[in-house]
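The values are calculated or read from the model by the stated rules, or taken from the named source; none is laboratory data. Not measured: the values here are computed from a predicted model. Cβ placement follows ideal geometry from the backbone for every residue including glycine, while neighbour counts extend to all protein chains displayed.
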Amino acid sequence: MRPSGRKLDELRPITIETGVTKHAEGSALIRCGDTHVLCTATVEDKPPPFLKGTGLGWVTAEYGMLPRATNSRTRREAAAGKQSGRTQEIQRLIGRALRAGVDRVALGERQIVIDCDVIQADGGTRCASITGGWVALRLAVNKLLKAGVLATDPIVDHVAAVSCGIYAGQPVLDLDYAEDSEAGTDGNFILTGRGRLIEVQMSAEGATFTRDEMGRLLDLAEGGIATLVAAQKAAL
C-alpha cells in the first residue's frame, strides 16, 4: 500500500494554471500533489555569447527552492554566496530537457530563460519544473509568433517528466517525498509528447534493480507522461 493510497500507476492530482504573473512572457503554476512550482519564461533578444553569429537560439533554466518549501527552513543560496551542486545539476537538467523539444534554428539568435521556483516541495520538484517549464516556454513562443517575431514555430514537441521507483518492492509512478525517501530504486524519466526519450536518471538507492524492473518503470513513466502532456494541452 502506498502512503497516499494511490494505485501503483496513479499520478498525484495535477493542475497547471497559466498567466499567473504579470510581466513574464510566459508563466505557469504547476501543482503535482503537494509539490508546487512557479515557472516563468523570459525572452532575451540576444543569445549567450558562445552562440553569437551562429544563427542558433538557446533555452536555459534556473531553479531555486523557497526557504520554507520544505519542513524546515532552508537558507537562501544567495545568502550563502553560491549555488549548491544539487541546484546546478537540476537547472542544467531542466535546460537540456526543454532544448530537446526546440528547433534552435527556427528560434533564431535569442535566448529564453525558464525560471523554476519551488513554492512547496513534496518530491519530484525537477520533474514538475520540466513539465510546467514547458508550458511557460510554449506561452512565450506563442507571443513571439503572434507578434511576427518568429516566422515558424520552433517548438517541435511537448516535453514532460515524471519520477518512478521501486517502493516496498513494487514499481510505482510519481513518487512523493514519503516514497522517495524510502525507495530502493529511484528514477526520473523525461520524454517528448510522441514518447521519445530525452533523458533517464536511475539509481539504486538501497537495492540494485533488474533490467526487467527498469522496463516496468519505463512502462509506468510512458503512461504518466501521456497524462501530463494531456494536462499541458488542457492548460493551454
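Please give the number of the condition residue 168 fails out of (1) touching an Asp or Glu at 6+ places or on another chain (Cβ under 6 Å); (2) of a type in the set (A, V, I, L, M, F, W, C); (3) surrounded by fewer than 16 Cβ atoms within 10 Å (Cβ to Cβ).
The number of the failed condition is (1).
Within region 210-236, track down each residue that is in contact with a Pro (Cβ under 9 Å, 6 or more places away or on another chain), in contact (Cβ under 8 Å) with a residue 12 or more places away in the chain and not aliphatic (A, V, I, L, M).
213, 216
Filter the strands (runs of 3 or more DSSP E) completely within region 157-236 down to those with at least 3 residues that are within 19 Å of the chain's Cα centre (by Cα). First the steps, then the outcome.
Details: elements: 159-167, 170-173, 185-192, 197-204.
Counting at least 3 such residues, we get 159-167, 185-192, 197-204.
Take residue 54 and tell me if it is out of contact with any Leu (no Cβ under 7 Å at 6 or more places or on another chain), surrounded by 17 or more Cβ atoms within 10 Å (Cβ to Cβ) and farther than 18 Å from residue 224 by Cβ.
no
For the subset of region 113-130 comprising residues that are outside any helix (DSSP H, G or I) and touching a helix residue (DSSP H, G or I) at 6+ places or on another chain (Cβ under 8 Å), which member is farthest from residue 14 (Cα to Cα)?
The residue in question is 114.
Please work out if residue 70 is under 24 Å from residue 20 (Cα atoms), in contact (Cβ under 8 Å) with a residue 40 or more places away in the chain, in contact with a strand residue (DSSP E or B) (Cβ under 6 Å, 6 or more places away or on another chain) and of a type in the set (Ser, Thr, Tyr).
When the stated conditions are applied, residue 70 does not pass them.
Kindly indicate whether any position in region 151-162 is in contact with a helix residue (DSSP H, G or I) (Cβ under 8 Å, 6 or more places away or on another chain), within 27 Å of residue 71 (Cβ to Cβ) and at pLDDT 95 or above.
Yes, there is a match, as at least one residue in region 151-162 is in contact with a helix residue (DSSP H, G or I) (Cβ under 8 Å, 6 or more places away or on another chain), within 27 Å of residue 71 (Cβ to Cβ) and at pLDDT 95 or above.
For region 171-197, give me the residue count where each residue is of a type in the set (S, T, N, Q) and modelled with pLDDT of 95 or more.
Counting residues in region 171-197 that are of a type in the set (S, T, N, Q) and modelled with pLDDT of 95 or more gives 2.
Taking residue 138 as meeting all but one of (1) among the basic types (Lys, Arg); (2) in a loop (DSSP other than H, G, I, E, B); (3) touching a strand residue (DSSP E or B) at 6+ places or on another chain (Cβ under 7 Å), write down the number of the exception.
Failed condition: (2).
Within region 1-17, how many residues turn out to be surrounded by 16 or more Cβ atoms within 10 Å (Cβ to Cβ), among the hydrophobic types (A, V, I, L, M, F, W, C) and more than 19 Å from the chain's Cα centre (by Cα)?
So the answer is 0.
List, please: which pairs have Cβ atoms under 9 Å, are six or more places apart or on different chains, and start with a residue in region 73-95 that is closer than 23 Å to residue 134 by Cβ and end with one that is small (Gly, Ala, Ser) and in a helix (DSSP H, G or I)?
That search, which allows pairs on different chains as well, returns 90/129; 91/129; 93/129; 94/129; 94/133.
Have a look at 86, 31, 99, 76 and point out the one that is surrounded by fewer than 21 Cβ atoms within 10 Å (Cβ to Cβ), at pLDDT below 95 and closer than 28 Å to residue 220 by Cα.
The conditions single out 86.
Kindly provide the set of residues from region 85-130 that are hydroxyl-bearing (Ser, Thr, Tyr) and under 12 Å from the mean Cα position of the chain (by Cα), ordered by number.
125, 129
Output the qualifying pairs, or none if there are none: Cβ atoms under 7 angstrom, residues six or more apart or on different chains, first residue in region 34-48 and within 24 Å of residue 145 (Cβ to Cβ), second residue crowded, with 17+ Cβ neighbours inside 10 Å and of a type in the set (Phe, Trp, Tyr).
Here the result reads 47/58; 48/58, each pair linking region 34-48 to a residue that is crowded, with 17+ Cβ neighbours inside 10 Å and of a type in the set (Phe, Trp, Tyr).
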